[in-house]
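Throughout, read-outs are computed from the coordinates displayed, never taken from laboratory work. Quantities reported herein were computed from a predicted structural model and do not represent experimental measurements. Here the Cβ positions follow ideal geometry from the backbone for every residue, glycine too, while neighbour counts run over all protein chains shown.
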Amino acid sequence: MAKDYQIDAVFHLRKIKPTFRKIFELAIPFLQTRQNEIHTYIVYQYALLLLEDEPGMPEIVVPAAILHDVGWSCIPEEEQHAAFGPVVINKKLQRTHEVEGATIAQEIMNRVDYDHQLIQKITEIIDGHDTTNKARSINDAITKDADKLCRFSGAGFHIDYQRFNKEQLVHLKFLLEKIDEWFLTRTGREIAMYEGRMREKEILARVHQRKDI
Ligand SMILES: [Fe+2]
Ligand SMILES: [Fe+2]
């Protein structure tokens, strides 16, 4: 039977697994920009779903997912739009959010006395999560796939088509065409296709509803 990949779009700290709750709590102040709190909660959930079927290490992938975008807190909001999205104009700034993010993540994990070897592996994933396309390890592949799956989620899709000023079906078509290029794991591609079908159903249902009025 096909899996149901439903995820939750209302963040609360108590919904985070106790093992990773303190890390998430310490990340929250750094996520109050670019709608990164909900983005991170969604990426965290996809990371857990991917780990059910892909051979990654939760102690590396989950903190990497939680901390991967803390570096946006160092980029002024008016400059952020040039550093992400379908067309990245300012690649230097995109790189800055990775480098600054790795430093902040290291500080957070030091505060919770996380294992030093694990910290090293996690910061290596954060440093390059958007500017390297290939999988540098299975843990890197899962983190990257979880990050990109947010674009296909109900909440992520709605944030993005409005943010990029795109018509919903046009934006969905763009995402579906990117699946083979973006996703690095079989499960990542599978969830992306599943979520894509869900978004298509929702858009078409709204179109029919409007016709019925
Ligand atoms: Fe990022
Ligand atoms: Fe992200």
For the chain: relative contact order, % (alpha-carbon pairs under 8 angstrom, 6 or more apart) = 21 percent
Classified through the alpha carbon gyration tensor (a ≥ b ≥ c as square roots of its eigenvalues; rounded if a/c is under 1.5, else prolate when a/b is larger than b/c, else oblate), the range 64-147 comes out oblate
Once both axes come from the Cα atoms, what is the angle between helix 186-212 and the longest principal axis of the chain, in degrees from 0 to 90, rounded to 10?
-> 40 degrees
Provide, in order from the shortest bin, the percent of all Cα-Cα pairs of the chain in each 5 Å bin, continuing until the bin that contains the maximum pair distance.
-> 1, 7, 15, 19, 21, 17, 10, 5, 2, 1, 0, 0, 0
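Can you tell me the FRET efficiency between Asn133 and Lys211 if r is taken as the Cβ-Cβ distance and R0 is 45 Å, rounded to the nearest 0.05?
That pair, Asn133 with Lys211, gives E of 0.65.
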Alpha carbon convex hull of the range 5-60, volume per residue in cubic angstrom | 90 Å³
Cα gyration tensor of the range 84-199 - equivalent ellipsoid semi-axes, whole Å, descending | 28, 17, 13
Cα axis of helix 168-182 to longest principal axis of the chain: angle in degrees, 0 to 90, nearest 10?
-> 50 degrees
Highest GNM mean-square fluctuation among Asp113, Asp140, Asp127, for the chain with Cα springs under 10 Å, belongs to Asp113
